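Below is one structure; the comments refer to it alone.
The values are calculated or read from the model by the stated rules, or taken from the named source; none is laboratory data. Small disclaimer: the values here were computed from a predicted structure and weren't measured. Because the Cβ atoms are built from the backbone with ideal geometry, glycine has one as well, and the counts that use them run over all protein chains shown.
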């Protein structure tokens with residue numbers, strides 16, 4: 001990635017298995033976690049279909065180019081000694 005970004009190492013957990021990875025921290029976000037669809041498929045993370053599609057807007061209030069959100073994944077995320085279960089929005 002180019003530029004200065006706040007990236008941390010973390011571990012995603014699912015079914016007592018860990019996936020070491022990195023997370024990009026967006027201090028201007030509204031507390032929502034996102035996961036790339038290809039990463040979810042690559043790591044065999046089960047997706048849950050939403051009952052209703054959700055639209056995500058970018059900073060200038062345009063709909064995100066990747067389209068409506070149709071799925072989430074529920075995984076654990078560990079950062080150093082802390083961790084919690086997170087619903088992650090699946091996007092590209």
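Report whether or not residue 70 is surrounded by fewer than 11 Cβ atoms within 10 Å (Cβ to Cβ) and either touching a helix residue (DSSP H, G or I) at 6+ places or on another chain (Cβ under 8 Å) or free of Cβ contacts under 8 Å to residues at least 60 places away in the same chain (or both). Against the criterion (surrounded by fewer than 11 Cβ atoms within 10 Å (Cβ to Cβ) and either touching a helix residue (DSSP H, G or I) at 6+ places or on another chain (Cβ under 8 Å) or free of Cβ contacts under 8 Å to residues at least 60 places away in the same chain (or both)), residue 70 does not qualify.
The number of residues in the stretch 73-92 that are in a strand (DSSP E or B) and free of Cβ contacts under 8 Å to residues at least 60 places away in the same chain comes to 11.
Does any residue of the stretch 44-66 turn out to be out of contact with any strand residue (DSSP E or B) (no Cβ under 8 Å at 6 or more places or on another chain), surrounded by 10 or more Cβ atoms within 10 Å (Cβ to Cβ) and either without any contact (Cβ under 8 Å) to a residue 12 or more places away in the chain or in a strand (DSSP E or B) (or both)? Break it down stepwise before answering.
So the first thing to find is which residues in the stretch 44-66 are out of contact with any strand residue (DSSP E or B) (no Cβ under 8 Å at 6 or more places or on another chain), and the list is 44, 51-52, 58-62, 65.
Filter again for surrounded by 10 or more Cβ atoms within 10 Å (Cβ to Cβ), leaving 44.
Filter once more, so that each one left must be either without any contact (Cβ under 8 Å) to a residue 12 or more places away in the chain or in a strand (DSSP E or B) (or both): 44.
For the stretch 44-66, residues out of contact with any strand residue (DSSP E or B) (no Cβ under 8 Å at 6 or more places or on another chain), surrounded by 10 or more Cβ atoms within 10 Å (Cβ to Cβ) and either without any contact (Cβ under 8 Å) to a residue 12 or more places away in the chain or in a strand (DSSP E or B) (or both): present.
The single condition among (1) touching a helix residue (DSSP H, G or I) at 6+ places or on another chain (Cβ under 7 Å); (2) at pLDDT 90 or above that residue 20 does not meet is (1).
Scanning the stretch 30-58 for residues that are within 10 Å of residue 71 (Cα to Cα) and under 10 Å from the mean Cα position of the chain (by Cα) gives a single hit, 37.
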